[in-house]
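This report refers to the structure that appears directly beneath it.
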Amino acid sequence: MALAFAAVQPFLNPPYNSPRNAGLQLAPPPATLDRMKLSVTVDRDEDGMWVVECPAIPGCVSQGKTKADALKNIKEAIALCLEVRAERGLPLTVETRQVEVAV
C-alpha cells in the first residue's frame, strides 16, 4: 500500500506550442513519462514489515509485507509525491549527498 495523497498523472514533456503554431488549434501530443532514478532506503520495522523511504522526497515512505511489495509500492508513492510537489510548486526533490565518516 503506497502512502501518498493524489492520483497518478503523467509528467508531460516541455510545452508543445511555438510561435510557428500561433493561432492554430493543435491537439496535444500524447503524454509521455519522463524517467528518474532515485535512491531509496529499505529496512524492516519491529512487526516485520518492509519499510522503504525515498530520502530525496521529504515524507515519501511506503511499506509492504515482502521486500518486493515494498519496492513496488514505493514506486507508486514516489510518482504520487512528485505530482503533489509539482502541483504545489515545490522542488520535486531535495539535495541528498553521501558523506564519509570514520567508524
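Where a number appears in this text, it was derived from the coordinates with a stated rule and is not lab data. Because the structure is a prediction, the values reported are computed rather than measured. Cβ: placed from backbone, ideal geometry, glycine included. Neighbour counts: every protein chain shown.
Sorted on the mean count of surrounding Cβ atoms within 10 Å across their residues, most packed first, peptides 75-84, 58-67 read 75-84, 58-67.
The share of C-alpha pairs in segment 40-90 whose separation exceeds 18 Å stands at 29 percent.
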